[in-house]
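The values are calculated or read from the model by the stated rules, or taken from the named source; none is laboratory data. Just so it is clear, the structure is predicted and the values come from calculations on it, not from any experiment. Don't worry about glycine lacking a Cβ; one is built from the backbone with ideal geometry, like all the others, and counts go over all protein chains shown. In case anyone asks, the SASA skips ligands and DNA or RNA and just uses the protein heavy atoms, side chains included. Shrake-Rupley method; radii C 1.70, N 1.55, O 1.52, S 1.80 Å.
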Amino acid sequence: MHKVYKARFYNGILSKAFTVEVSFGENELTIFFTDNHSVSQQLVWQKNNINEIQYSSSIISLKYESEFPSQQLDITDPDFIEEYKNHFKVSAYNRITHTRNRNMVLIVFGVFVSLMVLSYFFVLPFFADIFARNFPKDIEISMGEKLYQNVLSGEEIDSAKTTNINLFFKQMKVDGDYPVKITVVESNIENAFALPGGGIVVYDKILNDMNNYDELAALLAHEYSHVQLKHATRNIFRSLSGYIFISMFFGDITGVSAVIIQNADQFRSLKYGRELEHEADENGLKILKTNKIEGSGMSQLFKNLKKGNEIHISEYFSSHPDIDSRIDFVNEYQKQNPYTTIQNDSMKVYFDRIK
Amino acid sequence: MEILNSENTFDATNIPPHPPVKLSFKGSGFDYFSILIINWILTVITLGLYYPWARARTLSFIYGNTEMENSRFVFHGTGMQMFVGFIKAIVILLLLSSVNICAEIINSSLLSIIGTFIFFTGLMILIPIAVHGGLRYRLAKTTWRNIHFGYRGSKAELIKIFIPGIILTYVTGGVYSSWLYSDLRKYIIGNIRFGNIKFNYNGNGGALFWINFKGVFFGILTLGIYLFWYMKNWINYYISNVDVEQNGNRYPVKLAVGIGEYFVFQVVNFFLIVFTLGLATAWVKVRTLNFFFQRMELPEAINLDILEQTETDFNDATGDDLLGMMDIGII
């Protein structure tokens, strides 16, 4: 004799709950009840017509698929719920989400989050970098051109200085075939930056503070390194992939966590920015060495920058490395890579014209 | 056999009235957390394709843990129905944007203006259609003691309320929105059936406007502190103006939320979310359901044992998915 369990039966016609008893059979579920003439009756539900409409550790609801409306059974007996697993297939989803072993959910969650964190910090940057490095050069150049127009619109351009700075740069031997275009903009901000594809913008304040042409050579070597090493493009890909990753994975959880994680991501971007600056400093020094230009121009350039920016911000919050450590790096590089410098008269002429 | 066809067994006049009926939520925050986490993982792994199934599972969990008179609600919608609806919803939204996409490809500003016009006009018509479809699906798939809910509204009627209302709202700089909201609620709730039970909404635009007006005015004046009063007034007004109609008698739904308890409830929710980086969302949702269920009473004179099955089935989830995509809540 199979064990019987108490259940509630709904006939789909009226909302009255009928108390019945059910038992499992080989291929069926039998429902026992007493009709209104006190006669025992039974109903047989064939297993393959039974649909699970609710599964949890406290209740199972089943419906019998015949015509609309179907019949329904609600069973809350824990023994039934336990035996149900032996007769009906419980989906993996229900096994995990309704497990009494809460650790299982926490373990699945922990493993998944760890995998995501790993991919965020290691896999994602790796692929973003490969993608950026192999990004077609012509698209990069045309994108950079549009960006360049945008950046310069509304700026006061110093055309005489612009002509001379481009002639100055032509004197430098550099690798790569980007169409370098340098523009000098009138501004009292001490700054210069490179755009993807070859555009470089120099604010004239930084030029006014220079005393020697090797400082300008160092600046252009540094900025050109950003272009040559595709830093802007790599940075865009890195930020974009991080943003897509966060909004894809955390956007649906809650707005709050996505916002917090996005802000935390800013620190990662800043750190990446500092790495790229360091790479550009190093590559810039190599360019100076190739051109036999005094490397101390770069440390002088940093000293000028330091003078212009009296407010000290912790490196952690900045997109650039700390100026003192950059100066130390330049000095160290020069010690380890000594070379003979040669005065370049043409560069000096163009530099004097710019001044 | 009585158990199989007992439609004429009960006589409403012979059954003593129930004590006040209350809803209760039986699920725990951790149970809901498990559902959300597994749904999240599956949605991420399948690059979003699991979303319709996740939605069905979530609704199923919420409904399945809501209990009234010792019986749980059931959501019968399936992931597959919602997936088909999801695909149809994407196609509809793509069609609406198709002229704009063409304009972008051939770089035509005239076509872009026409495309934008088509998109917004289409969206204006699409919203009431989606609400209609969403209500039909969601309610047809909701049962309690195997008695289906249903929505009997007409698509054309809803469009007739929505489109002039949205235009008036725009023209009046948002003032008319209280009246539009009231008209929509009145029409939608008036067309919901639960077996042979009918619902009515008795609120009016004027009263709602006054609540909204006070909300904005005092909200600014008190630097946002009044918003707690505003939300509390709004919820009380909205729920307390719903009544349930059975056998020609109308009984009001009661909800009484006090300002002190509402303030504590919202502040705790806020801290739970912020200090757990959102991980406590599941617990907050469960707290919210418990908070309102404990304070809501269905009319005591209503007899829940004699509901008759009156509604039909409906399987098209497109409206429900469109609402999900546009982030519009209906009930």
*Rounded to the nearest Å, what's the spacing between the alpha carbon centres of segment A:94-129 and segment A:1-48? Just the number, please.*
43 Å
*Measure out, as a whole number of angstrom, how far apart the alpha-carbon centroids of segment A:156-205 and segment B:245-307 sit.*
65 Å
*asked:* Suppose accessible area is computed on protein heavy atoms with a 1.4 Å probe; arrange A:K173, A:K292 from highest to lowest.
replied: A:K173, A:K292
*Sequence ranges B:74-81, A:51-58, ranked by mean other-Cβ count within 10 angstrom, highest first*: B:74-81, A:51-58
*Taking a cut-off of 19 Å between Cα atoms, list the aspartates and glutamates near A:K161, but don't count ones fewer than 8 places away on the same chain.*
A:E186, A:E190, A:D204, A:D209, A:D214, A:E215, A:E223, A:D345, A:D352
*Report the extension gain between A:A160 and A:E332 in nm, rounded to one decimal, defined as 0.36 nm multiplied by the number of residues separating them, less their alpha carbon distance.*
58.3 nm
*Once both labels are modelled 7 Å past Cα along the beta-carbon direction, what's the B:M231-A:Y93 spacing in nm?*
3.1 nm
*Straight-line reach from B:K155: which lysines have Cα under 16 Å away, leaving out those fewer than 8 places along the same chain?*
B:K186
_Viscosity 1.002 mPa s, 20 °C: Kirkwood-radius Stokes-Einstein D of segment A:124-253 over Cα pairs, µm²/s_ = 134 µm²/s
*Scaled radius of gyration (Cα, divided by 2.2 N^0.38 Å) that segment B:205-331 gives*: 1.33
*asked:* Calculate the FRET efficiency for B:I90 and B:I163 from the Cβ-Cβ distance with a Förster distance of 30 Å, rounded to the nearest 0.05.
replied: 0.80
*Based solely on its DSSP helices, what 222 nm [θ] is calculated for chain A when runs of n ≥ 4 H residues each add -39,500 (n - 2.57) and the sum is averaged over all residues, nearest 500 deg cm²/dmol?*
-17000 deg cm²/dmol
*Semi-axis lengths, Å, the protein assembly as shown, gyration tensor of Cα atoms, sqrt of 5 times eigenvalues*: 68, 30, 23
*Determine, from the Cβ-Cβ distance of A:R353 and A:S325 and an R0 of 30 Å, the FRET efficiency 1/(1 + (r/R0)^6), rounded to the nearest 0.05.*
0.30
*Compute the long axis of helix A:296-308 from its Cα atoms, compare it with the longest principal axis of the Cα atoms of chain A, and write down the angle in degrees, 0 to 90, nearest 10.*
70 degrees
*asked:* Just to verify a number: what accessible area does B:W210 come out at with the full protein assembly present, 1.4 Å probe, Å² rounded to tens?
replied: 140 Å²
*Roughly how many nanometres apart are two label points built 7 Å out from the Cα toward the Cβ at B:F275 and B:M326?*
4.0 nm
*Positions from segment A:59-87 whose accessible area shrinks by 50 Å² or more when the full protein complex is built, not the chain alone, probe 1.4 Å*: A:F68, A:Q72
*asked:* What does the structure give for B:26-37 when I average, per residue, the other chain Cβ atoms found within 10 Å of the residue Cβ?
replied: 4
*asked:* Report D for segment A:101-164 in µm² per second (integer): Stokes-Einstein, Kirkwood Rh on Cα pairs, 20 °C, 1.002 mPa s.
replied: 131 µm²/s
*Helix-only [θ]222 nm of chain B, DSSP H runs n ≥ 4, -39500 (n - 2.57) each, per residue, nearest 500*: -20000 deg cm²/dmol
_Charge dipole magnitude, Cβ of K and R +1, D and E -1 - segment B:82-236, Cα centre, debye nearest 20_ = 800 debye
*asked:* Tell me which trypsin sites (Lys or Arg not before Pro) from segment A:19-109 have a DSSP coil assignment and no more than 15 other beta carbons within 10 Å of their own.
replied: A:K89, A:R100
*Relative to the compact globular guide of 2.2 N^0.38 Å, what is the alpha carbon radius of gyration of chain A, as a ratio?*
1.76
*For the cross-link pairs B:K254/B:K285; A:K146/A:K286; A:K137/A:K335; A:K146/A:K289; A:K16/B:K285; A:K271/A:K355, which exceed 26 Å when the distance is taken from alpha carbon to alpha carbon?*
A:K146/A:K286; A:K137/A:K335; A:K146/A:K289; A:K16/B:K285; A:K271/A:K355
_Shielding score for B:46-54, defined as the mean number of other chain Cβ atoms within 10 Å_ = 1
*Could you name the lysines in cross-link range of B:K214, using Cα to Cα under 16 Å and dropping any fewer than eight places away on the same chain?*
B:K232
*For chain B, built as a Gaussian network whose Cα springs stay under 10 Å, the top-fluctuating residue of B:T276, B:T43, B:T142*: B:T276
*Counting only Cα, what are the radius of gyration and maximum Cα-Cα distance Dmax of chain B, in Å?*
21.9, 74
*Shielding by partners for B:136-147, please: the mean number of other protein chain Cβ atoms within 10 Å of each residue's Cβ.*
4
_Could you compute how fast segment B:25-75 diffuses translationally, taking Rh as the Kirkwood radius over C-alpha pairs and applying Stokes-Einstein at 4 °C with viscosity 1.567 mPa s? Give it in µm² per second._
113 µm²/s
_So, R0 is 35 Å and r is the distance between the beta-carbons of B:E300 and A:Q42; what FRET efficiency does that work out to, to 0.05?_
0.40
_Charge dipole of segment A:1-71 about the Cα centre (unit charges at C-beta), most positive-ward option of A:N11, A:I59, A:V44_ = A:I59
*asked:* Given the C-alpha atoms of segment B:50-107, compute the convex hull and give its volume per residue in Å³.
replied: 86 Å³
